[in-house]
1. Roughly what % antiparallel, to the nearest 5, for the DSSP beta bridges in chain B?
2. Pull up the cross-link candidates among the lysines for B:Lys177, meaning alpha carbon to alpha carbon under 29 Å and not fewer than 8 places away within one chain.
3. Could you pull out every residue, at least 5 positions away or on a different chain, whose amide H is within less than 5 Å of the one on B:Ile70? Hs are placed 1.01 Å off N in the peptide plane, and Pro or chain starts have none.
4. Ranking request for peptides A:119-127, A:21-29: highest mean number of other beta-carbon atoms within 10 Å first, then the rest in descending order.
5. Relative contact order of the range A:1-54, please, whole-number percent, based on alpha carbon pairs below 8 angstrom and at least 6 residues apart.
6. Express in whole angstrom the spacing between the alpha-carbon centres of the range B:122-166 and the range B:18-53.
7. In chain A, what cysteines have no partner Cβ closer than 4.7 Å?
8. What does the structure give for B:239-252 when I average, per residue, the other chain Cβ atoms found within 10 Å of the residue Cβ?
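Just so it is clear, none of the values below were taken in a lab; they were calculated from the coordinates. Please read these numbers as outputs of a predicted model, since none were measured by experiment. Quick reminder, even Gly has a Cβ in these numbers, built from the backbone with ideal geometry, and neighbours come from all protein chains shown.
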Amino acid sequence: MTSDTFAPRVGLITADRAPLTAARHWREGIDPGPIVAALAHVPELLDAALPFIGQALRGSIADPRTAELVIVRASALLGCSYCTLTHGAIALDADVTPDELRALCARGAVAGGGSHDEREVALLAWVDEVAAGHGDVPDGVARDLAAHVDDALLVELTAMVGCTIFLNRFCTTLRLPASETTLARLAASGIQPEELAA
Amino acid sequence: MTRIMLERVREAIEQGLIGSRLWFYANYHCNLACAYCLTESAPDVAQRALEPDLMVELAEEGRAIGFTSIGVTGGEPFLVPQMPELLLRLSSVLPVVVLSNGTLFTGKRLERMRPLGERDVRVQISLDRSEAVANDEMRGPENFRKVLEAIPKLVALGIGVRIASTLVWVDEDDMAKLCGLHRSLGVPDEEHVVRGVVRRGRALTEGLGEPAGIAELGPELTISADGAFWSPFGPTVVGGLVDTDLLVTRAISPLSMPAETLAGLVTGSGYSGPIDDRFT
């Protein structure tokens, strides 16, 4: 464990120290990223968590833009620099514009009437309540989203927010660093990291 | 854990794909600081000891799964205060071999070893060279003398003694003398184990021995305070940090969890057994 201000709070496992069941994530010189490198300290946790994380964040029903709106907004609300930046870069490849990205990461509710249609406005208001609210989601907010999604998608979106919150707290607490590739992708769209993450 | 999964472990043990001995790292601290130590054990390192009750519980589970013997190593296991009594309990579950530097068998501790003479317990003591100077150079001052004093006392109690010689290289003349020595101490040839230095732990730092990973080491489920490992050569320490390249699971209880994961690695990864018997 390190105590440096900006350093990760745990050593990140490298290829030569990868536990037996985790070693496949480093095959052929692949860098699996800091979440895998941290979880690999407990290989059985990595084995259990990774399939869930992959499925929960990818989704089966939600389209990529919807998924990234949910993940980036929740991550911004939770103040997770790693997830906001990493999924900010992914969102750009899922047809989220740089201005939409900046608005998702700003304080306050995302306004309707702009690039977001009625469904996305309802979705983002619902994400705000699920990720940052206290207790039950207000009936009005839930009803507005239910007008646009069926039960299966609602389950998927709820799991998506829940999994994002888990990762937000995991990555923030352990101070996991965003990759150079992520920062380069954002810079290529004219976005500086401080515009998205404090 | 399903019956089918546990059967897979049992079959892997019966087929020799997984070693039939279940290993415990009783602790990590030691009264010596040998040059080739796998675990950087020394008097001032953290003990990281397994609870004796847990070891007995895991031994019982191990027997139910299909393991046929117990190995206890460390650190120096006999620095664990209740080790003689723990060995008595473990030996009521399965036959036991305990690895020791042989320097602590005096006074009350030796007397507490007496009941083990009637049990299937063997003490494997390290002795590397036939002469004190050469032996103690690697293992520390007075080691040779203490070992030579301890072995006849254990033999006299009826306790089986094995001698393990860890050699950087084999000197034929010295080996002949070493064999003469162990015979004179009451230890027959079949209880003399000669093995190479594994380049892990302090041996890695010192540049000694041969590299050893999954390809060279046979799978023998090994439980330590840091988790379950592929081999007793797995939970090595470099720079105070436990190596994780041979880590199977952090979970050690129930034993079925690491045992099943190890069986999965052995039977599902194309692993076909050790290709090098230097370290077994």
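1. Details: 7 of 33 bridges.
Bridges in chain B are about 20 percent antiparallel.
2. Reachable lysines: B:Lys146, B:Lys153.
3. B:Leu22, B:Val96, B:Val97
4. Numbers: A:119-127: 21.1, A:21-29: 14.9.
Peptide ranking by packing, descending: A:119-127, A:21-29.
5. Details: 40 pairs, mean separation 16.1, N = 54.
Dividing the mean separation by the residue count of the range A:1-54 yields 30 percent.
6. The distance from the Cα centre of the range B:122-166 to that of the range B:18-53 comes to 18 Å.
7. Cysteines lacking a close Cβ partner in chain A: A:Cys105, A:Cys163, A:Cys171.
8. On the way: counts 0, 0, 2, 1, 3, 13, 10, 2, 12, 5, 8, 6, 4, 0.
Rounded to a whole number, the mean comes out at 5.
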